[in-house]
């Protein structure tokens, strides 16, 4: 039995990955669309890394004005770094899942 562990928006990582995998299967007509097939995996990892990376950046950065910044003397705090591990999947932050998928895609394209 396999347990899925997530926190916050981390559950969206496998959902995005699987849904985009199903959508990409329609474009790979004559190819073997099994998950570990390198011609399929390089496109699948590359395309699904974009929304996962954007989701991770959105969870990592917060573009809001904070009261603490106003008390210190800053008129507006552009962004501050949150704890990226508030949203994770299998104890890995969402931002790193996007980076892992980009590196996997690049590695398979250069092969």
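Read-outs throughout are calculated quantities, based only on the coordinates presented, and are distinct from any laboratory measurement. None of these values were measured; they are calculated from a predicted model. All Cβ positions, glycine included, derive from the backbone under ideal geometry; neighbour counts span all protein chains shown.
For the pair residue 99 and residue 50, how long in nm is the line joining their label points, each one 7 Å along Cα→Cβ?
2.1 nm
Multiplying the sequence separation of residue 26 and residue 107 by 0.36 nm and subtracting their Cα-Cα distance, what value in nm do you get? Mind dumping the intermediate values first?
Values: separation 81, 0.36 × 81 = 29.16 nm, distance 2.37 nm.
Computed gain between residue 26 and residue 107 is 26.8 nm.
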